[in-house]
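Everything below concerns the one structure shown next.
The values are calculated or read from the model by the stated rules, or taken from the named source; none is laboratory data. Quick caveat: nothing in here was measured; it's all calculated off a predicted structure. For neighbour counting, all protein chains shown are included, and Cβ atoms are generated from backbone atoms with ideal geometry for every residue, glycine included. Quick note on the areas: whole protein, heavy atoms, side chains included, nothing else; ligands and nucleic acids left out. Shrake-Rupley method; radii C 1.70, N 1.55, O 1.52, S 1.80 Å.
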Amino acid sequence: MSSTVGQVIRCKAAVSWEAGKPLVIEEVEVSPPQKMEVRVKILFTSLCHTDVYFWEAKGQTPLFPRIFGHEAGGIVESVGEGVTDLKPGDKVLPIFTGECKECRHCKSSESNMCDLLRINTDRGAMIGDGKTRFSKNGQPIYHFLGTSTFSEYTVVHVGCLAKINPEAPLDKVCVLSCGISTGLGATLNVAKPTKGSTVAIFGLGAVGLAVTKKFGITEFVNPKDHNKPVQEVLVEMTDGGVDRSVECTGNVNAMISAFECVHDGWGVAVLVGVPNKDDAFKTHPINLLNERTLKGTFFGNYKPRSDIPSVVEKYMKKELEVEKFITHKVPFSEINKAFEYMLKGESIRCIISMEN
């Protein structure tokens, strides 16, 4: 890798030229990392529903051409000025949010909402100089979530990289950089159910399944099977309401149901799903006065650099069954198949291998 340090790298990337159109494998130029940046060789990436959501650009600010991708694993190729805790060859997971370690949020034990590096879906350039590190024939190509992992090489702010166990298999643990960690953390760090608790999970994509840890669900309730609100069904099933609920869909009606189905006195509802920007949450204040708790969480309350390495260790100790989430694998040249699988509802996670 040393021969590429400080040089522009030409490599393949899957470029989205316009909303909803198949990605195109292009040869792009990737500039060297600047101050506090790291250039990473991506080995495996995965498709998350958030990529699809912004690729479709429905209800979101369209920004094209763009390189999507944010759930991935790779190896550090080179580092920019000021980077001291990573070196070439380190195994890393790029994370869509960051940890600068210096702001009030990063110094707080209660927050992971970094002032500098928290998620910004509209930003298409690097935070340092407002420029892109990707281009083709002189035309800038925009970044996505500060990660842009649908490229053989990408440039990421050092605060958005988790250095992980060098023995960890990247084709498995890459999925811990987004959805699974979000669901797991929402449960372990925020809902904190005690042994024997009843827990209602709303939504069974990768995040919702991760909440259930080993998919240990005992009952399934389809709201369409009932002629009354699902929260009323759950309250009847559980003698007054569940102890904890975790909402993983982003549907505002599911959020209301998740809150209203928890038991008075001690019930806690945790909102994980990202709503439409115009949604409003409505419930009667008595639901709060009757000692129900409503909480929100972002990335499962995990700080990317400090906490995600330990989530990888849970997998290494066989405490997490990551393989259950991986339903498909495709080579990078067939990345559009991953989109097809997700749009048809056939996949939970599709691993995209960059090297074949």
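Does ALA210 count as of a type outside the set (D, E, K, R), open to solvent by less than 30 Å² (accessible area, probe 1.4 Å) and closer than 24 Å to THR97 by Cα? So ALA210 passes the test.
Listed by first and then second residue, the pairs linking a residue in the range 130-142 that is closer than 21 Å to ASP51 by Cα to a residue that is among the charged types (D, E, K, R) and surrounded by 10 or more Cβ atoms within 10 Å (Cβ to Cβ), with Cβ atoms under 6 Å apart and 6 or more places separating them unless they lie on different chains, are SER135/GLU29; TYR142/ARG66. The conditions of being surrounded by 17 or more Cβ atoms within 10 Å (Cβ to Cβ) and part of a loop (DSSP other than H, G, I, E, B) are met by GLY273.
Residues of the range 322-355 that are more than 17 Å from PRO169 (Cβ to Cβ), touching a residue at least 60 places away in the same chain (Cβ under 8 Å) and open to solvent by 60 Å² or more (accessible area, probe 1.4 Å): SER333, LEU343. The sole residue among GLY300, GLY345 that is within 18 Å of LEU209 (Cβ to Cβ), in contact with a Gly (Cβ under 6 Å, 6 or more places away or on another chain) and not aliphatic (A, V, I, L, M) is GLY300.
Could you check ARG292 against (1) farther than 30 Å from GLN60 by Cα; (2) open to solvent by less than 50 Å² (accessible area, probe 1.4 Å); (3) at pLDDT below 95 and say which number it fails? Just one mismatch for ARG292, condition (3).
Quick one: is GLY185 of a type in the set (Gly, Ala, Ser) and loosely packed, with under 15 Cβ neighbours inside 10 Å? No. Scan the range 241-262 for residues that are in a loop (DSSP other than H, G, I, E, B) and either farther than 15 Å from ASN290 by Cα or open to solvent by 30 Å² or more (accessible area, probe 1.4 Å) (or both) and the total you get is 5.
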